[in-house]
Amino acid sequence: MSQPSPFVWFDLCTADEPAAVAFYTAVTGWKTESWEGGSYTMWVAADGTAVGGIDAANGAPAHWLAYLAVADLDTAVGMVRVLGGKVLREPFAIAGVGRAAVIADPAGASLALFQPDDGSAPEPDEPSPVGRFAWTELATTEPEQSVRFWFRLMGWTDADTVRLPSGRYLIFGAKRGDRGFGGMQASADGSSHWLYYVTVADLEAALGRVVELGGQAGQVMTVMNGERVAHCVDPEGARFALHAYP
């Protein structure tokens with residue numbers, strides 16, 4: 001059994017919430033619900049589990065922002081600075097939920113660190129049900145530097161390494177031999193960024209809807225255990241990926 005992923009929440013940061021809702025509900029099968037704690041829309045998977053939400057882009061290009069659970073946010077933020085990363089948004093409170101801070105690694109890939117109020121984090125099922133996020137992936141312009149940063153910050157290790165035509169694909173996790181939480185590889189386009197994979201029941205149908213609704217769908221690739229994935233871009237330019245089991 002793999003360790004539960006520390007990637008616990010995923011926000012789409014966008015300037016056009018209605019358009020985003022129309023696109024992602026059609027592509028992934030998500031529904032939406034209003035958060036009882038305030039003016040915030042959540043993405044809800046087919047099994048009723050909330051997997052993320054919608055936040056304002058605040059002038060930035062549309063993008064997905066993951067929340068990575070840590071035991072002590074203030075200590076983790078201090079470590080980010082020591083390791084050469086940047087704190088893009090200082091720790092802030094999410095009422096009734098926890099505290100978070102937005103950071104970037106030395107190569108510029110950003111996400112949020114999150115400390116829940118109750119000290120716990122949800123443990124996703126295995127395999128990932130339809131509508132849940134199944135995998136996380138870092139594309140980086142500085143592979144060795146990024147490995148050092150994230151491994152020291154989070155205590156991760158190289159669960160496995162796969163040799164691809166494009167180079168080394170490092171699978172990171174809590175221990176060697178684990179399935180892992182995600183992968184790291186050299187960036188193919190000169191940017192450093194995280195990419196998040198959503199499980200769908202019918203990959204070809206979902207990719208057809210991506211294109212039909214104005215997004216971009218990449219080539220389908222077969223990966224570990226016969227699972228299939230495809231990289232996509234939504235109509236506003238936010239990167240995401242789709243995943244399906246055999």
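The values are calculated or read from the model by the stated rules, or taken from the named source; none is laboratory data. The structure presented is a predicted model; accordingly, all values stated were derived computationally and were not measured. Note: ideal-geometry Cβ built from the backbone for every residue, glycine included; neighbour counts use all protein chains shown.
Listed conditions (1) surrounded by 14 or more Cβ atoms within 10 Å (Cβ to Cβ); (2) without any contact (Cβ under 8 Å) to a residue 40 or more places away in the chain are all met by R81, apart from (1). Going residue by residue through the stretch 91-101, is there one that turns out to be within 16 Å of Y196 (Cβ to Cβ), among the aliphatic types (A, V, I, L, M), modelled with pLDDT of 95 or more and not assigned by TED's automatic domain parsing to the domain that holds W194? No, because not a single residue in the stretch 91-101 is within 16 Å of Y196 (Cβ to Cβ), among the aliphatic types (A, V, I, L, M), modelled with pLDDT of 95 or more and not assigned by TED's automatic domain parsing to the domain that holds W194.
Sort through A134, A60 and tell me the only one that's in contact (Cβ under 8 Å) with a residue 40 or more places away in the chain, in contact with a His (Cβ under 7 Å, 6 or more places away or on another chain) and closer than 30 Å to A15 by Cβ. Unique residue meeting the criteria: A134.
Search the stretch 163-184 for residues being more than 15 Å from the chain's Cα centre (by Cα) and touching a residue at least 40 places away in the same chain (Cβ under 8 Å), and hand back the single one that is surrounded by the fewest Cβ atoms within 10 Å (Cβ to Cβ).
Once the filter is applied, the top-ranked residue is K175.
Checked across the stretch 146-161, the condition of being touching a residue at least 24 places away in the same chain (Cβ under 8 Å) and in a strand (DSSP E or B) holds for no residue.
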